[in-house]
Amino acid sequence: MNLPPGPLLLLGAAASAYLIGVLAGLLGKADSQGTAQVSLAFALLGTVLGGTSALFELLGGSVFNWTYVPSGFTSPDSVMVIGIAMDPLSAFFVLLISMVGFAITLSSFGYLDKYVHERPATLAGFYALFLFTLLTVVLAGTVFLFLIAWEAMTIVSYFLVVHEHASPKVRRSGLFYLVISHAAGAAVLTSLLLLAVYSGSPTFAGIAQAASHLNPWVKSLVFVAATLGFGTKAGLVPLHVWLPEAHPAAPSNVSALMSGVMIKVGIYGILRVVFQVMGGGPLWWGVLLLVMGATSALVGVLNAIAQHDIKRLLAFHSVENIGIIFMALGASLIFLSLGFPLLAALALLAGMLHTVNHALFKSLLFLGAGAVSGAAGTRDMEHMGGLARAMPQTALFFIVGAMAISGLPPLNGFVSEWLLFQAFFASFSTGSLATEVLLTAAGGVLALSTGLAGYCFVKASGAIFLARPRSSEAERVSSDAPATLRSGMAVLSILCILLGVVPLLAIELIGRSVSEITNTASPTVSLGGVLGSLELPSLSGNLDLGVIALVLAAAILVLWVVRRTRTAEKDRVSPAWDCGLDRPTSRMEYTPSGYAQPILRIFASYYAPTTLTETSPRGGSRPGPLMKVSRFQSEISYPWVEGFFDPLKQHVMDLARRTSRLQSGRIHAYLAYFVLTLLVLLAALWFFGGGGP
């Protein structure tokens, strides 16, 4: 077995660092901040080592596989084979996990020190274990190890979500997340076992070699199961309902890791199984992913606008951006099925680049949300306001993330969304009217969701940082977030700007994966090469820098003109007419609810709001039109939850109550159940083993 020593040794060192961090956090004193810092330090070291190994693979081109057959399983084709493998796709996700994990871990030092007072060492230990399981999932080269790592990732993330388990709401959210995640795990298990059994190979490489000979019905069943399983973990509508429950319940550094990295593992699963192993499929596969992605983008952003809880707002925006990524994946599958590999490469390139970009700006926003909610003592934006005065750097970093997620140049979110628009517009070169109409409509959905995202983050940024504080807690905030917490946000902000100004840095690293998946001739799919081959406007490096230079020059010119104008005028101080009021108060401000009302009215058919308006005479005053007290209350509905998941939960609970009679407490009954189950299994083995018809 000839293994490249560099990447493999670095991966082994990264895994060792993570496990030492796990042992330090979970075996040490739970309430010790010092123990928590030791655990986080080893986790930070693991991210550096893991990211370095991925860079070696992506830049050097080495690919390695390592397998181990447990004793008692002599055949290398046994399902129980354990193996790790690093190819361009897995290396890309190792780099993503390590890069984002580094920034979040750096911020976690300050977050745990100031905002986590119960069992910080335990939280740090599970945090390090979470990073280890994420790394194992994307490095698993066999079905067995992938399923073990997937289940471990789910269980560890559950313990992180319910860290503050004293709250009944947190426990309910954690249980809901665990149930949904295990349902997704069952779908993932189904898809991978079908592939392993029908291909006769326990490794992903072996399955990929045999995939062309699989029955089309088996491949379609695998695709549906994989979409359900991996789509649930990613947060794809209508399987997204766990995100707005789990993310607010978890500590903010965990929310950043879950939204920035964990849901991307669902994207990895789709890329690995649907694209690389099965090599795409019929046209309806791409159409299904495209439609589900477009639905997720709209549902996510519309629900985000209506939120007052900053972490729920960010969770719904994760749904929106996962929808954008799935739109890109769906378009790529459509182009592959129609025989346009370069177009497929362009769409896939946009999707993978947006995967990186979303990981960066969403982690940044969750860290910012953790900083402001920890300082103000609330996640409700209605009770914030004016925090930019006390937290100027946090405000700056949050606004950078808000601009990036809104797709504004020169930040990274703009580049990947622009690429996806180009892929949609390139559909006019396919000669298929249905494809042109479908992808043009998808472009309209992308434009609408991007515009609404900008609207939403104007609301969020203004409600949190501008105007006057709207609560006594917000008034008492007197200092910015800890330096380490701000350092992590600074790293993510710099990366958001860097990948917006020089996106080819990320595109070149993604290129090998895109080239292998789409079977394009070029060993490295560069943006200029793809667009040049399609005779579309190329976004070459020179044009990138030219556009950015023009934007910066225009901004500098505007600032210079404003400054000259202000300095040329003499300052004049005079009392302003204030309608008879001494000074404005926070009650005169636009609230998040008020700002969102126009969108809620435009899309009232979706929100189906329930409103309550009460007007009563002011006590002790003579009744009159100007002497009344009015109260307005509005609540929106969640169709996916109220129309599907709540009835489903009720049916499951009813079934559980009926079947609870089986728990009689009599040992004879339990022995009878055991014998009956054994007989059913023997009959199934006889039937499927050739003894039956």
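Rule-based calculations on the coordinates, nothing more; no lab input. What you see is a predicted model, and the numbers here were worked out from it, not measured in a lab. Backbone-built Cβ (ideal geometry, glycine too); neighbour counts: all protein chains shown.
Pairs over the 29 Å Cα-Cα cut-off, from the set Lys169/Lys233; Lys29/Lys362; Lys114/Lys362; Lys29/Lys169: Lys29/Lys362. Ordering of 295-305, 476-486 by packing is 295-305, 476-486, highest average first (other Cβ atoms within 10 Å, averaged per residue). The calculated FRET efficiency for the pair Phe425 and Leu283, based on their C-beta separation and a Förster distance of 22 Å, comes to about 0.65.
How do the peptides 119-128, 387-396, 325-334 rank, highest first, by the average count of neighbouring beta carbon atoms within 10 Å per residue?
Top to bottom by mean Cβ count within 10 Å: 325-334, 119-128, 387-396.
For the range 193-222, the residues whose backbone nitrogen is under 16 Å from a point 7 Å from the Cα of Ala684, taken along Cα to Cβ, are 193-194, 197.
Between Val224 and Leu433, the simple spin-label model (points 7 angstrom out along Cα→Cβ) gives 3.1 nm.
Residue ranges 193-200, 663-670 sort as 193-200, 663-670 when ordered by packing (mean number of other C-beta atoms within 10 Å per residue, highest first). A simple rule links phi to the HN-Hα coupling: the Karplus curve 6.51 cos²θ - 1.76 cosθ + 1.60 with θ = phi - 60°, which for the range 269-277 gives x, 5, 5, 5, 7, 7, 8, 7, 6 Hz, with x for Gly and Pro. Modelled spin labels at Phe674 and Leu557, positioned 7 Å past Cα toward Cβ, are 8.4 nm from each other. Could you work out how far the C-alpha centroid of the range 83-121 sits from that of the range 136-212, in angstrom? When both Cα centres are located, 19 Å separates them.
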